[in-house]
Amino acid sequence: MYIRVPATEIASMNTAYTSPKKHAIVAGGSLAGLLAAKVLSKHYSSVTIIEKDSVQRKPEARKGQAQAYHLHALLPAGLQVLSHYFPGFLDDLSSHGVKVLDFASSMNWYCYGGFRKRFPIGIEVIIVSRALLEHVVRERILAMPNIQLVDNTLVKQLTTTDDKQSITGIVTENKNTGQTNLVSADFVMDTSGRGSRTAQWLKELGYGETPVSEVKVNVGYTTRIYTRDPGDAHGESWIISTPIAPGHKRFGAAFPIENNRWMVTVGGWHNDHAPTLETEYLEFVRGLPNPALYDVVSTNKAVGDFIQYKFPFSLRRHYEKLRRFPVGFLVAGDAFSSFNPIYGQGMSSAALQVELLDKLLNEQVPDQDLAKTFFKRSTSIIDVIWSMATGEDFRYPQTSGTRPPGIKLVNKYIEQVHKATTKDEVVCGAFLKVIALLKPPTHLFQPAILWRVLRQGKPK
Ligand SMILES: Cc1cc2nc3c(=O)[nH]c(=O)nc-3n(C[C@H](O)[C@H](O)[C@H](O)COP(=O)(O)OP(=O)(O)OC[C@H]3O[C@@H](n4cnc5c(N)ncnc54)[C@H](O)[C@@H]3O)c2cc1C
């Protein structure tokens, strides 16, 4: 039996934890928080997720997670982590009408003057709304006997030992009553997303300024849902159009999500955003080089309004560079690193970070070394994702941030890779494995691939 403690009961919960025994708190109940709770529940006798929004037991987008109104792709690496932690996860999703497809044969992806090669690659992918994905994960979490979720409650502050070396819990505020409470814990994990206050809290506690990296992209999303005929000519393909940078900035995607709907997101980099007036919007979509997108929006009925989201910059908080970090505390997910969403990496990054935490807890890394080890080892996850996302963004001269040395040369080569994916299954397969986070980017530089990329179009 799961226990979902209503916000009003948190005061009595507090009493229950005055002498805590292995109690963990997760601040933020979105995807990173839910996964963190799952992993922590293996290592702590009880886990409490504190979420500021009111959470319903149905698929929904919430205020604190407005991105759920927009198209989300779960990369195969993230799906593998979720399938590992939730046996039967794909069946669960299928029972909600979610399609499990082959990653390469189900795509209809226009890029750099052609369509990427379609062929069976043997890697599963799911096409699902973010709201349903989170609902399915949350239901699994709420079914666990030692996890409870307290909603409508803000995490306001950390509490520490007198010497400020260890975190002892949090201060919460009930959003309905304004009542504050102190909740003790042996471990606190911040998964409160991009707006996380950890850097500020650490500064106030004397841990110094957390170095950050920002890469400005000014990306805008415009999303609308359309009806979908089950016999649609596009079958169950997920449709994408990516621009030839830096000359073009506009992108678009349409995914056949559950309940026979198309979720269509279009937009662009550096303020080249899609309008929300019907005629201008249709013109915008018609201008995208993948004609399937216009076909979807012009032949199906719109359900609901346009919804916009602006994403100004990718943000990385370098906790690994802090000299000290409090014991009994960690940060993961978007609170740690938040990437340009176009590349669909955020949820998988969070999943891989949480998987790493599980490994470290299994290895019984001592409490006082956990943060240092976690941040150090997670750089190998985040460095790769960050370099892939920002590398593409740096094709635009308007993108500001620290350009890695040699990026122009790398991007020239990757442009050739993109082109080769439209002609060569082997290169396309290698590329898809890299963007799926199943292989490192160096996979594209191995001699067999390099040779095919450089020889493309030339007689063998
Ligand atoms: C437009 C857009 C599209 C995206 N598309 C993709 C995609 O295609 N694929 C992909 O993998 N990722 C995508 N992402 C990123 C993805 O949404 C996140 O990486 C993912 O949700 C993991 O985030 P998180 O759980 O760390 O934080 P969030 O999802 O931001 O959740 C943070 C949670 O913490 C709660 N919270 C915040 N402050 C407090 C507080 N003080 N106290 C208590 N609770 C608090 C919030 O209400 C929220 O529930 C996209 C993001 C955006 C913005």
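The values are calculated or read from the model by the stated rules, or taken from the named source; none is laboratory data. None of these values were measured; they are calculated from a predicted model. Ideal geometry is used to build each Cβ from the backbone, glycine not excepted, and the neighbour counts take in all protein chains shown. These area figures cover heavy atoms from the full protein model, side chains too; ligands, DNA and RNA do not enter into them. Shrake-Rupley method; radii C 1.70, N 1.55, O 1.52, S 1.80 Å.
Express in % the proportion of alpha carbon pairs of the chain at distances exceeding 38 Å. Value for the chain (Cα pairs over 38 Å): 25 percent.
With the Kirkwood sum run over all distinct C-alpha pairs, the stretch 407-454 has a hydrodynamic radius of 10.4 Å.
Structure shown: which of K164/K439; K52/K164; K42/K376 lie over 31 Å apart, alpha-carbon to alpha-carbon? From the list (K164/K439; K52/K164; K42/K376), the Cα-Cα distance tops 31 Å for K164/K439.
Carbon-plus-sulfur accessible fraction, the stretch 407-454 (probe radius 1.4 Å, protein heavy atoms only): 66%.
Residues whose amide H falls under 5 Å from that of T168, counting only those 5 or more places apart or on a different chain, are T159, T160, T161, with hydrogens built in the peptide plane.
Among the trypsin sites (Lys or Arg not before Pro) in the stretch 421-455, those located in a DSSP loop and surrounded by at most 12 other Cβ atoms within 10 Å of their own Cβ are R455. Between R377 and T177, the FRET efficiency from the beta-carbon distance, with R0 = 41 Å, is close to 0.50.
Our summary gives the chain a relative contact order of 19 percent, counting only alpha carbon pairs under 8 angstrom and 6 or more residues apart. When I385, I414 are compared by accessible surface with a 1.4 Å probe, the order from highest to lowest is I414, I385. Per residue of the chain, what 222 nm ellipticity follows from adding -39500 (n - 2.57) for every DSSP H run with n ≥ 4, rounded to the nearest 500? Calculated from helices alone, the mean residue ellipticity at 222 nm is -10000 deg cm²/dmol. Post the alpha-carbon centroid distance, the stretch 128-186 to the stretch 229-304, in whole angstrom. Cα centroid of the stretch 128-186 versus Cα centroid of the stretch 229-304: 37 Å apart. The simple spin-label model puts a point 7 Å past each Cα toward its Cβ; for R118 and K22 those points are separated by 5.1 nm. Take the Cβ atoms of K156 and V212, set R0 to 25 Å, and the FRET efficiency comes out at 0.65. For the stretch 135-276, the fraction of 1.4 Å probe accessible surface lying on carbon and sulfur atoms is 46 percent.
Of the whole protein surface, S400 contributes about 50 Å² of accessible area at a 1.4 Å probe radius. When only alpha carbons of the stretch 216-313 are considered, Rg and Dmax amount to 12.9, 41 Å.
Shape class for the stretch 170-233, computed from the alpha carbon gyration tensor (a ≥ b ≥ c): oblate, with a/c not under 1.5 and a/b at or below b/c.
Exposed loop sites here are GluC sites (Glu not before Pro) assigned a DSSP state other than H, G, I, E or B and surrounded by at most 12 other beta carbons within 10 Å; excluding them, the longest clear run of the chain is 1-208.
Compared with the dominant Cα axis of the chain, that is its longest principal axis, helix 425-435 is turned about 20°. On the beta carbon distance between Q364 and S166, with R0 = 22 Å, the FRET formula returns roughly 0.75. Put +1 on the Cβ of each Lys and Arg and -1 on the Cβ of each Asp and Glu in the stretch 304-344; which of F313, F339, F325 then has its Cα farthest toward the positive end of the dipole? Highest projection toward the positive end goes to F325. Solvent exposure of the stretch 216-313 amounts to 43 Å² per residue of accessible area, where only protein heavy atoms count and the probe is 1.4 Å.
Averaged over its residues, the stretch 404-450 has an accessible area of 49 Å² per residue, based on protein heavy atoms and a 1.4 Å probe. Mind checking the angle between helix 346-362 and the chain's longest principal axis? C-alpha axes, 0 to 90 degrees, to the nearest 10. Approximately 40 degrees, to the nearest 10.
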